[in-house]
Ligand code: SF4
Ligand code: SF4
């Protein structure tokens, strides 16, 4: 069997690379955010009245919803960043 | 960095070809297998370890406390968590500067679980060429059987992994009982499936593509490496010019180097790179190419080590220094932080106190000429045994502490709130004053903890 490039996967498309990178790094960032945030704040004491919304009804729900919230927000930031970096502003003027 | 290929967009769902790394044996393969057994052994067994009638290592998120053998951590110990994170970050820099991507090849969960999934694939679908043939062949009962066997192994192992993962956060013995009774909570079920699915996808399908395209660590390699960093490299001076030759031919006379251009090092590489092109960020330092090449060198009766662990400096013929400003500074910092951490944990007060002011009223005037402030004192006993404490007030002498009892009794690991009032004769003080409530051990009189708050007078 030769080691030609034919039996190797082709490189990922740009879109796939962006999605992969953003999903994974925002996941890592969300883990950190959720860890620090919930070490400092107890989901049960976040609601200020006796009638908390469903996502603050139990700690597990609070942690889980909080984690996905952080993941989502970080991913939004990641996608916007990658979109901004890839759409070259002023490319026409600088001629690069 | 790889230039992105031409097809921008639309490629996300395009069928991906697989990497079929060739299997390899040798010294580093054995070492990696040992590392996998040690690490996964720890992962799957630690949750089952008991320590004085409870799970030895349990990050009890629902109860907001972490148990690590004899230690119990509470949210009040937040500071230790940030300290640990700093240690972790610094270790990353230190070990990468010294040992390169040893982490990637031997310890990263991504690599470790991938190895297990690849092993299961080999078990069911055979070796590299058998797998390639099987994938090309039309569907047959045999193919279906092998593919389903693989999926059964993969899914089962992924579920076990997800279950174990959740077992670090929720007592694993109870988790198992409820799993068998089909009465797992919704979030437990969700996280078992989530983590299991992540393991299945990452280790079964994405594999080294994670390292190549998704992992931030891989891309910081060049920032953390220097010329003295341990890397896996091909000895160009010795190997080139490469070329095929007979086993006993006098290749030196033909002007050839030691590389026989068998491309085995490329075939075994899980990320599909050619190490002979030099250091690349795709290389996860798995050392498979070392094993493969050493095998070839042995068969050819050439000395081993055409591909080997080395450093940039050594390849340039300069001495390798493990001690250099970068490693020494990182090392000293790291050591200091770790020693500090151990000392701080050992010296950690077994008692934690928080004084919370009553939010409803600044102060209260009683009928008998007193002005009172109301507080709740939250006391945590982080100790492994019960504690008896005496609560005292430190502050202006006009103030006095009023409580049902100032003798507090707490069980091991207990968190309790005690209502207290602090009062003064009306008019004795004006405005706000700092106060402190102190907890002393009833037995020894030793001060164990203090909590600060304010007393507000009219
Ligand atoms: S590149 Fe990233 S994901 Fe891959 S082995 Fe290294 S640390 Fe793990
Ligand atoms: S080049 Fe060698 S060490 Fe690096 S990933 Fe490939 S086989 Fe592993």
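Details
Residue by residue, here is whether (1) in a helix (DSSP H, G or I); (2) within 16 Å of ligand 1 (Cβ to nearest atom); (3) touching a helix residue (DSSP H, G or I) at 6+ places or on another chain (Cβ under 7 Å); (4) under 30 Å from residue B:319 (Cβ atoms) holds:
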residue	(1), (2), (3), (4)
B:166	yes, no, yes, no
B:182	no, no, no, no
B:191	yes, no, yes, no
B:223	yes, yes, no, yes
B:227	no, no, yes, yes
B:232	no, yes, yes, yes
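- Contact map, region B:358-384: first residue under 11 Å from residue B:455 (Cα atoms), second residue surrounded by fewer than 11 Cβ atoms within 10 Å (Cβ to Cβ) and at pLDDT below 90, Cβ cut-off under 6 Å, separation 6 or more or different chains; the map is empty.
- Single residue of region B:281-318 satisfying the filter (within 14 Å of chain A (Cβ to nearest Cβ), within 12 Å of ligand 2 (Cβ to nearest atom) and not in a loop (DSSP other than H, G, I, E, B)) that is surrounded by the fewest Cβ atoms within 10 Å (Cβ to Cβ): B:292
- Subset of region B:257-280 (residues that are on the phi > 0 side of the Ramachandran plot and near ligand 2 (Cβ under 9 Å from one of its atoms)): B:272
- Region B:131-159, residues that are over 36 Å from the mean Cα position of the chain (by Cα) and either touching a residue at least 24 places away in the same chain (Cβ under 8 Å) or not in a loop (DSSP other than H, G, I, E, B) (or both): B:133, B:134, B:136, B:141, B:142, B:143, B:144, B:145
- Residues in region B:256-274 that are touching a residue at least 60 places away in the same chain (Cβ under 8 Å), assigned to a helix (DSSP H, G or I) and surrounded by 23 or more Cβ atoms within 10 Å (Cβ to Cβ): B:268 alone.
- Residue B:378 meets all of the listed conditions (1) farther than 30 Å from residue B:83 by Cα; (2) assigned to a strand (DSSP E or B) but one, namely (1).
- Pairing residues of region B:198-224 that are away from chain A (no Cβ under 14 Å) with residues that are within 8 Å of ligand 1 (Cβ to nearest atom) and not in a helix (DSSP H, G or I), at Cβ distances under 7 Å and at least 6 apart in sequence or on separate chains, gives B:221/B:101.
- Annotation: residue B:110 fulfils all but one of (1) within 14 Å of chain A (Cβ to nearest Cβ); (2) crowded, with 18+ Cβ neighbours inside 10 Å; (3) more than 16 Å from ligand 2 (Cβ to nearest atom); the unmet one is (3).
- Contacts under 7 angstrom Cβ, first residue in region B:310-335 being free of Cβ contacts under 8 Å to residues at least 24 places away in the same chain, partner assigned to a loop (DSSP other than H, G, I, E, B), 6 or more apart: B:314/B:320
The values are calculated or read from the model by the stated rules, or taken from the named source; none is laboratory data. Computed from a predicted structure; not experimentally measured. All Cβ positions, glycine included, derive from the backbone under ideal geometry; neighbour counts span all protein chains shown.
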